[in-house]
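The values are calculated or read from the model by the stated rules, or taken from the named source; none is laboratory data. Note that the structure is a prediction, hence the values are computed from the model and not measured. Please note: Cβ atoms are built from the backbone with ideal geometry, for glycine as well, and neighbour counts cover all protein chains shown. Each accessible area value is taken on the protein alone, full model and side chains, heavy atoms only, with ligands, DNA and RNA left out. Shrake-Rupley method; radii C 1.70, N 1.55, O 1.52, S 1.80 Å.
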Amino acid sequence: VLAFLLILVPACRTMDPSPTHGLSPTDPIPTVPASPTDPVPVDYGESNGDGTRSYYVDAVSGSRNGAGTQSSPFSLLSHAINRAGPGDTVFIGQGVHVGTSYLRSGEEGKPITLAAWGDAKPVLTTTVASKGTWELYEGDIYSLDVSPFVHLMDEFNPQVFLEGEALVEARYPNMGPYLEDLMDYRRAVAQKGTDRNTLVAPDDLPGGLEGALAVVWPGTNGLAGWVAWTSPVLSVDGRTIRLEKTLNQEETVTGGDAYTPYPGNPFYLKGALSLLDAPGEYHYDRENRILYLYLPGGGDPNSRDIRFRGANSAAIEADGKSHIHLKGLTFLGCGIRMSASNHIVMEDCTVRYADHFQGTGYASYALRSHMILVGDHNTIRRCAFGPTAGSGIILGGKDVLFTDCIIRNSNGSGNDFSSLKLLESADLVISHSTFRGTSSNHIGFEPGKTFGKCIVEYNHFMDHATLNSDMGAVSSWSTDGGKSEIRYNLVETGNRNDNGTMMKLTVGLYIDNYCSNFLVHHNIVIGGEGGLSTNLPNPGTIFANNTVIGAKHGYGLFSVSKDNADGRGVSFVNNLFADLKGLDISYYGTEDGISRSYLGNLADGSVPVPVNPDRRITSSHNLRGEVGADYRPVPGSFAIDGGIVIDGITGDFSGNAPDIGALESGEPMFPYGASWTLP
């Protein structure tokens, strides 16, 4: 962070404050007018001797009338972008580069490249620099009239950056001065008297909350907290909040009051000046176009570098383009849109706060994402994504590699976004990456789609379901996996942000209802309500050679009441449970109109559910045993040589038979996570 600030602060103060925009591919390439004293260069950039050119940009030392060379760089990125063609490279130097660039396509073997210039750490942003004079409002709160440049701002989702760090919109309860750790934010717990029109807070509330926004994770115990819902505040009386909207949308799949507020539901309030009472908070009065700010350390903001989220949150637009290479770039308050874009390479890039919003309900279909890379033959490596209110990245396509990346603190809105939202894909690999902090799941397969042999392997998943409930680190619902494999991953579920008195359901690896054809094997899952879960029906899905440590129960199954629980086609073999806090199996289903449940242990290595033997899952050679600190069975365990061969899964083994669990005796621990860490 310190290194980033050292770059960002001086660069912001010398940067021309007006946004610069690249052109669409059909726009003519402009010339740069000369000043009376500076002649216009005849040729821009430097020739590479092979027909390609290199262009150089430096927001600090460059000039509007530069030649785009190393000795005379452009100051504006758009001047280089507008000239770059197939095979050309734009080297981006120090400073903050403001605006949206519309890229052309390169050609096979001749990509258009945007890369950091030497050791520079260029920041690409669509944020807007603060202009005008901050006036003292009261105490340590200052105000700024933003009407002269409000057309450049995102008025509907205001966001404030102080020296490159995002501050917090004023709220109840307070969460701290910075948004960086947005997975840790506090929420109030709804009290007795809460219903579909009412929230009852645990504390007396200030006045002036009419029109504020209530954000609540509603639902009854067991059907609760899947996504956040919102309503404007109608009125407040002491601790009682009357909602403008009635929150009681029907849950069409499971039934019940999954979206109706109940006591125990978590919530928070935002969007009122009376909530601005803590360092690091801001409030935007959209009607009067006044922004109020309380600096983290107090004091006068006039001498500070302050920026606001821009009206456009994409620094690069390249939908439908191909053969583009991005390297060594940082994006702040914005992201990249590349949909139906092929042969893209993105490496050593950082994307922070690509999105900022608060959706209501299942919002991903309605809210435009600004970190999307979908297409064929693409590679993303050594990149960092997040924090963000939406998905860290939306990914998909054929022959795609996502590797050695870090995604952190995604889906701060608590809606149906993921660290990595995976659209319909085939032959796509997600590997050797670190995922940490998400309100929902880390990898979410697109519902209702058919995938083809995608691989999720050697990843480190930490701290999912921090705000939402009933989530897995890797999760799917109504998805045909097409023999996709989830293998050799370490899942640490974490234990943060309990949802008040509402049941908190955190699953390690979760293949939900109406899925099929997933192969889940050789994973280690630590902690959580349930280590593994297969909701029914789920034909063609196999859980094999996984190790579950310290979960409440090892394996969970559930079927919706309108369905006749059917485990046919599901296999659960060679799995090892260790140090469970409860029983081995948790099963709730409806069979032939009768509600059934089984909260018990393995029966001779098998899972004795459903009750109807004609609809049982296939299971054998599972074991509850002990493991050491290295996640392996302890010496003398029945897990050693205790498994059976499963074609295409167990592979080579050292003894007379495969071991039960994720690790074979005598073999090294599989590698997992990114090869690097964030500073």
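Please tell me if Ala311 is touching a strand residue (DSSP E or B) at 6+ places or on another chain (Cβ under 8 Å), in contact (Cβ under 8 Å) with a residue 12 or more places away in the chain, closer than 18 Å to Val150 by Cα and not polar (S, T, N, Q). Before you say what the answer is, go through the steps one by one.
Numbers: touching a strand residue (DSSP E or B) at 6+ places or on another chain (Cβ under 8 Å): yes; in contact (Cβ under 8 Å) with a residue 12 or more places away in the chain: yes; closer than 18 Å to Val150 by Cα: yes; not polar (S, T, N, Q): yes.
Criteria met by Ala311.
Yes or no: region 95-104 includes at least one residue that is more than 27 Å from Gly333 (Cβ to Cβ) and of a type in the set (S, T, N, Q).
No, the conditions are met nowhere in region 95-104.
In region 172-202, which residue that is charged (D, E, K, R) and modelled with pLDDT of 95 or more is nearest to Phe156 (Cα to Cα)?
Of the residues in region 172-202, the ones charged (D, E, K, R) are 180-181, 184, 186-187, 192, 195-196.
Still in the running and modelled with pLDDT of 95 or more: 192, 195-196.
Numbers: Lys192: 33, Asp195: 28, Arg196: 26 Å.
The selected residue is Arg196.
For Ser341, work out the one condition from (1) surrounded by fewer than 20 Cβ atoms within 10 Å (Cβ to Cβ); (2) closer than 17 Å to Thr113 by Cβ; (3) among the polar types (S, T, N, Q) it doesn't fulfil.
(1)
Within region 279-306, restricting attention to residues that are open to solvent by less than 10 Å² (accessible area, probe 1.4 Å) and in contact with a Ser or Thr (Cβ under 9 Å, 6 or more places away or on another chain), which residue is nearest to Asp204 (Cα to Cα)? Even if it seems obvious, please write down each step before you answer.
Our first condition is that a residue be open to solvent by less than 10 Å² (accessible area, probe 1.4 Å); within region 279-306, this holds for 280-282, 291, 293, 295, 301, 306.
Narrowing further to those that are in contact with a Ser or Thr (Cβ under 9 Å, 6 or more places away or on another chain): 291, 293, 301, 306.
Working: Leu291: 26, Leu293: 24, Pro301: 31, Ile306: 33 Å.
In this case the residue turns out to be Leu293.
Going through region 517-528 one residue at a time, which ones are in a strand (DSSP E or B) and open to solvent by less than 20 Å² (accessible area, probe 1.4 Å)?
Phe518, Val520, His521, Ile524, Val525
Which condition from (1) touching a Phe, Trp or Tyr at 6+ places or on another chain (Cβ under 7 Å); (2) assigned to a strand (DSSP E or B) is the one that Glu485 breaks?
Evaluating Glu485 over (1) touching a Phe, Trp or Tyr at 6+ places or on another chain (Cβ under 7 Å); (2) assigned to a strand (DSSP E or B) leaves (1) as the failure.
(1) crowded, with 23+ Cβ neighbours inside 10 Å; (2) assigned to a loop (DSSP other than H, G, I, E, B); (3) in contact (Cβ under 8 Å) with a residue 40 or more places away in the chain: which one isn't true of Leu114, the others all being true?
(2)
Which one of Leu269, Leu276 is of a type outside the set (S, T, N, Q), within 23 Å of Ala363 (Cα to Cα), at pLDDT 95 or above and buried (at least 18 other Cβ atoms within 10 Å of the Cβ)?
Testing whether each residue is of a type outside the set (S, T, N, Q), within 23 Å of Ala363 (Cα to Cα), at pLDDT 95 or above and buried (at least 18 other Cβ atoms within 10 Å of the Cβ) leaves just Leu269.
Quick check on region 344-366: of everything there that is in a strand (DSSP E or B) and open to solvent by 10 Å² or more (accessible area, probe 1.4 Å), which residue is nearest to Gly386 (Cα to Cα)?
First, pick out the residues of region 344-366 that are in a strand (DSSP E or B): 344-347, 350-352.
With the extra rule that they be open to solvent by 10 Å² or more (accessible area, probe 1.4 Å), the set shrinks to 345, 347, 350, 352.
Working: Val345: 19, Glu347: 15, Thr350: 8, Arg352: 5 Å.
Only one residue fits best here, namely Arg352.
When you go through Gly569, Gly582, Gly589 one by one, which is the residue that is open to solvent by less than 30 Å² (accessible area, probe 1.4 Å) and outside any strand (DSSP E or B)?
Values: Gly569 fails: open to solvent by less than 30 Å² (accessible area, probe 1.4 Å); Gly589 fails: outside any strand (DSSP E or B).
Selected residue: Gly582, the only one of Gly569, Gly582, Gly589 that is open to solvent by less than 30 Å² (accessible area, probe 1.4 Å) and outside any strand (DSSP E or B).
Filter region 592-605 down to the residues that are small (Gly, Ala, Ser) and open to solvent by 30 Å² or more (accessible area, probe 1.4 Å), then identify the one that is modelled with the lowest pLDDT.
Kept after step one, since they are small (Gly, Ala, Ser), are these residues of region 592-605: 593, 595, 597, 600, 603, 605.
Retained after the next criterion (residues that are open to solvent by 30 Å² or more (accessible area, probe 1.4 Å)): 593, 595, 597, 603.
Values: Gly593: 87, Ser595: 91, Ser597: 94, Ala603: 97.
That would be Gly593.
Can Ile649 be described as open to solvent by less than 30 Å² (accessible area, probe 1.4 Å) and either modelled with pLDDT of 90 or more or in a loop (DSSP other than H, G, I, E, B) (or both)? Don't jump to the end; show me each part of the working.
Values: open to solvent by less than 30 Å² (accessible area, probe 1.4 Å): yes; either modelled with pLDDT of 90 or more or in a loop (DSSP other than H, G, I, E, B) (or both): yes.
Yes, satisfied.
To keep it simple, each residue is scored yes or no on (1) within 28 Å of the chain's Cα centre (by Cα); (2) part of a loop (DSSP other than H, G, I, E, B); (3) closer than 25 Å to Asn564 by Cα.
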site	(1), (2), (3)
Leu205	no, yes, no
Gly211	no, yes, no
Trp226	yes, yes, yes
Pro232	yes, no, no
Ser235	no, no, no
Thr254	yes, yes, yes
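Can you name every one of the strands (runs of 3 or more DSSP E) wholly within region 1-102 that holds 1 or more residues which are over 19 Å from Val123 (Cα atoms), at pLDDT 80 or above and open to solvent by 30 Å² or more (accessible area, probe 1.4 Å)?
Numbers: elements: 53-57, 89-92, 96-98.
In region 1-102, the matching strands (runs of 3 or more DSSP E) lie at 53-57.
Among strands (runs of 3 or more DSSP E) lying entirely in region 371-474, which contain 2 or more residues that are polar (S, T, N, Q) and in contact (Cβ under 8 Å) with a residue 60 or more places away in the chain?
On the way: elements: 371-374, 379-381, 393-396, 398-403, 406-410, 418-422, 426-431, 434-438, 441-445, 455-457, 460-462.
Ranges flagged: 434-438.
Residue by residue, here is whether (1) aliphatic (A, V, I, L, M); (2) more than 24 Å from Pro266 (Cα to Cα); (3) open to solvent by less than 20 Å² (accessible area, probe 1.4 Å) holds:
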residue: Ala389; (1), (2), (3): yes, no, yes
residue: Ile393; (1), (2), (3): yes, yes, yes
residue: Gly397; (1), (2), (3): no, yes, yes
residue: Val400; (1), (2), (3): yes, yes, yes
residue: Thr403; (1), (2), (3): no, yes, no
residue: Ser418; (1), (2), (3): no, no, yes
residue: Leu422; (1), (2), (3): yes, yes, yes
residue: Asp427; (1), (2), (3): no, yes, no
residue: Gly444; (1), (2), (3): no, no, yes
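Would a scan of region 173-189 turn up a residue that is open to solvent by 10 Å² or more (accessible area, probe 1.4 Å), among the β-branched types (Val, Ile, Thr), part of a strand (DSSP E or B) and more than 21 Å from Gly297 (Cβ to Cβ)?
yes
Restricting attention to region 530-566, report how many residues are open to solvent by 10 Å² or more (accessible area, probe 1.4 Å), more than 15 Å from Leu599 (Cα to Cα) and not charged (D, E, K, R).
So the count comes out to 8.
Just give me the residues in region 118-143 being aliphatic (A, V, I, L, M) and either modelled with pLDDT under 95 or buried (at least 24 other Cβ atoms within 10 Å of the Cβ) (or both), in sequence order.
Of the residues in region 118-143, the ones aliphatic (A, V, I, L, M) are 120, 123-124, 128-129, 136, 141.
Residues satisfying the conditions are Val123, Leu124, Val128.
If we scan region 602-621, do we find a residue that is of a type outside the set (Ser, Thr, Tyr), in contact with a Phe, Trp or Tyr (Cβ under 7 Å, 6 or more places away or on another chain), farther than 17 Å from His553 by Cα and in a loop (DSSP other than H, G, I, E, B)? Walk me through it before giving the result.
Of the residues in region 602-621, the ones of a type outside the set (Ser, Thr, Tyr) are 602-605, 607-617, 621.
Now drop any that are not in contact with a Phe, Trp or Tyr (Cβ under 7 Å, 6 or more places away or on another chain), which leaves 607-609, 617.
Remaining after also requiring farther than 17 Å from His553 by Cα: 617.
Now drop any that are not in a loop (DSSP other than H, G, I, E, B), which leaves 617.
Within region 602-621, one or more residues are of a type outside the set (Ser, Thr, Tyr), in contact with a Phe, Trp or Tyr (Cβ under 7 Å, 6 or more places away or on another chain), farther than 17 Å from His553 by Cα and in a loop (DSSP other than H, G, I, E, B).
With the structure loaded, tell me whether Gly414 is within 15 Å of the chain's Cα centre (by Cα) and either open to solvent by 10 Å² or more (accessible area, probe 1.4 Å) or under 25 Å from Tyr259 (Cβ atoms) (or both) or whether it fails that test. Walk me through it before giving the result.
Values: within 15 Å of the chain's Cα centre (by Cα): yes; either open to solvent by 10 Å² or more (accessible area, probe 1.4 Å) or under 25 Å from Tyr259 (Cβ atoms) (or both): yes.
When the stated conditions are applied, Gly414 passes them.
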